[in-house]
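Q: Can you read through this structure? Questions will come right after.
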Amino acid sequence: MSIKKINVLEGFDMAKKNILFVDVREENEVQEIAYNVPNIINIPLSKIANLYSEIPKNEPVVIACKGGARSLKACEALQALGCLLYTSPSPRD
């Protein structure tokens with residue numbers, strides 16, 4: 001299944017609908033500026049291969065970072081690990 005790219009506003013709208021929001025920034029970045037959305041977890045890109053079991057496989061999930069590059073890498077890694085549909089918001093869209 002392909003990665004569906006969405007913009008930041010679409011990502012936040014999805015998060016408000018109780019869709020899981022996974023922030024793949026490093027922990028120190030999240031401490032500086034955290035996203036204010038319900039149903040959010042932080043799994044840094046550097047740990048995604050070890051912690052991907054925390055992410056549901058049969059539900060849409062918003063994967064986010066600061067600029068879009070890490071979220072795209074996380075989506076690609078998650079697809080390789082058998083996860084189904086992931087969306088990647090990018091502030092550049």
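The values are calculated or read from the model by the stated rules, or taken from the named source; none is laboratory data. Because the structure is a prediction, the values reported are computed rather than measured. Glycine also receives a Cβ, built like all others from the backbone with ideal geometry; neighbour counts cover every protein chain displayed. SASA here: full protein model, heavy atoms, side chains in, ligands and nucleic acids out. Shrake-Rupley method; radii C 1.70, N 1.55, O 1.52, S 1.80 Å.
Q: Do the sum for the chain: with -39,500 (n - 2.57) for every DSSP H run of n ≥ 4, divided by all residues, what is the mean residue ellipticity at 222 nm, to the nearest 500 deg cm²/dmol?
A: -9000 deg cm²/dmol, from helical runs alone.
Q: Follow-up. Can you give me the % of accessible surface on the chain that is carbon or sulfur? Probe 1.4 Å, all protein chains present, nothing else counted.
A: Within the chain, the accessible surface is 52 percent carbon and sulfur.
Q: Could you give the distance between the Cα centres of region 12-59 and region 65-85, to the whole Å?
A: Answer, in whole Å: 11.
Q: Next question, about the same structure. Please report the relative contact order for the chain, taking Cα pairs under 8 Å with a sequence separation of at least 6, and give it as a percent rounded to a whole number.
A: 40
Q: As an exercise, use a Förster radius of 22 Å and the Cβ-Cβ distance of LEU51 and VAL30 to find the FRET efficiency, rounded to the nearest 0.05.
A: 0.95
Q: Within 10 Å, count the other beta carbons around each residue, average over each peptide in 68-75, 33-40, 13-20, and list them highest first.
A: Most protected by this proxy first, the peptides run 68-75, 13-20, 33-40.
Q: Further question: Could you give the accessible area per residue of the chain, probe 1.4 Å, as a whole number in Å²?
A: 58
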